[in-house]
Amino acid sequence: MMREWQRFVQSFGYAIAGLVYTVKTQRNMQIHVAAALAVLVLGWWLAIPKRDVLLVFFCIFLVLAFETMNTAVERCVDLTVGDRRHPLARIAKDTAAGAVLLTAILAVIVGLSVFTEPLWYWLTTGQRTYNMK
């Protein structure tokens with residue numbers, strides 16, 4: 001039983017190492033993380049409703065997860081083909097990047113839906129707390 005627990009805990013270490021690698025080495029992941037932090041701070045500052053915060057969190061984690069998977073696909077392709085150019089390798093990388101793009105577009109749409117009214121309210125009234133009616 002103890003061995004299984006150790007393996008379970010060790011798997012979290014591997015997962016965290018993968019996330020750290022992605023954040024350290026991938027410029028787009030760094031951009032996503034910075035944008036996520038900015039959006040979360042803005043959401044807190046504007047006191048957006050709880051259900052909207054959940055939508056924002058969902059989109060953030062979806063984009064970060066897809067960016068992490070994109071990195072995994074890119075590394076697997078690089079491991080397989082090395083420095084050679086292969087049309088299927090390009091397709092695999094482009095398709096994985098396209099998946100990230102789709103989640104990022106979703107995040108922008110949700111962000112506009114969540115933040116437009118509270119931001120407009122703040123800009124026009126100077127009050128941060130927007131009560132949706």
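Spot the failing condition for Trp45; the list is (1) closer than 28 Å to Leu19 by Cβ; (2) surrounded by 16 or more Cβ atoms within 10 Å (Cβ to Cβ); (3) in contact (Cβ under 8 Å) with a residue 60 or more places away in the chain, and only one is missed.
Every condition holds for Trp45 apart from (2).
Val63 fails exactly one of the following numbered conditions: (1) out of contact with any Lys or Arg (no Cβ under 9 Å at 6 or more places or on another chain); (2) open to solvent by less than 60 Å² (accessible area, probe 1.4 Å); (3) modelled with pLDDT under 95. What is the number of that condition?
Of the numbered conditions (1) out of contact with any Lys or Arg (no Cβ under 9 Å at 6 or more places or on another chain); (2) open to solvent by less than 60 Å² (accessible area, probe 1.4 Å); (3) modelled with pLDDT under 95, the odd one out for Val63 is (3).
Among the residues of the stretch 48-60, write down those that are surrounded by fewer than 16 Cβ atoms within 10 Å (Cβ to Cβ) and farther than 11 Å from Ala107 by Cα.
Pro49, Lys50, Arg51, Val53, Leu54
Name the residue that is farthest from Glu67 (Cα to Cα), counting only residues in the stretch 102-129 that are assigned to a loop (DSSP other than H, G, I, E, B) and polar (S, T, N, Q). Can you show your working first?
We begin by selecting, within the stretch 102-129, every residue assigned to a loop (DSSP other than H, G, I, E, B); these are 126-129.
Subsequent filtering for residues that are polar (S, T, N, Q) retains 127, 129.
Details: Gln127: 36, Thr129: 33 Å.
Step by step, filter the stretch 102-129, then rank; the result is Gln127.
In this structure, is Val9 at pLDDT 95 or above and of a type in the set (A, V, I, L, M)?
So Val9 fails the test.
The values are calculated or read from the model by the stated rules, or taken from the named source; none is laboratory data. It should be emphasised that the depicted structure is a prediction, and the values quoted were computed from it without experimental measurement. Heads up, the Cβs are rebuilt from the backbone with ideal geometry, glycines too, and the neighbour counts pull from every protein chain shown. Calculation scope for accessible area: heavy atoms of the full protein, side chains included, ligands and nucleic acids excluded. Shrake-Rupley method; radii C 1.70, N 1.55, O 1.52, S 1.80 Å.
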